[in-house]
1. Sort 29-39, 10-20 by the packing proxy (mean of other Cβ within 10 Å over each peptide's residues), most packed first.
2. Go through region 14-29 residue by residue and turn each phi into a ³J(HN,Hα) via Karplus (6.51, -1.76, 1.60, θ = phi - 60°); whole Hz please, and just put x for glycine and proline.
3. With an 8 Å Cα cut-off and a minimum separation of 6 or more residues, compute the relative contact order for region 1-89 in percent.
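Every number here is computed from the coordinates shown, using simple stated rules; none is lab data. Please read all numbers here as calculations on a predicted model, not as lab measurements. Backbone-built Cβ (ideal geometry, glycine too); neighbour counts: all protein chains shown.
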Amino acid sequence: MLKRIFAIIAIVLILGWIIVTAVCAFVPFPGKEAVFPILVAGCIFLPLLLWLALWMISFLTGKKNIASFETKTNDELFNEALKAQGVNTDTPADETDDSRSEGDK
């Protein structure tokens, strides 16, 4: 619920920032040369900062969402590729049956 409330607030902030930037672009007023670049930079950095905050909420609560990313080891990726090809990966590599006899080793 916290993430949903935060997401709604983030959308309102981003839309409001874009509207203010658009109004500032077309309406002449004193000091526009100083304010407009800040508003344009905010259009870039505000969504990034809000995504980072959303990711941090997910990280602290231990829940995954669209802002979460997973890192997988090479073994996990390899096992997923094998499963996609229909190969059984339930048996660990050191427990596999070796067809060679003891004399061949």
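1. Top to bottom by mean Cβ count within 10 Å: 10-20, 29-39.
2. Working through the residues one at a time gives 5, 4, x, 5, 5, 5, 4, 5, 5, 5, 5, 5, 9, 9, x, 7 Hz.
3. On the way: 33 pairs, mean separation 22.5, N = 89.
Relative contact order comes out at 25 percent.
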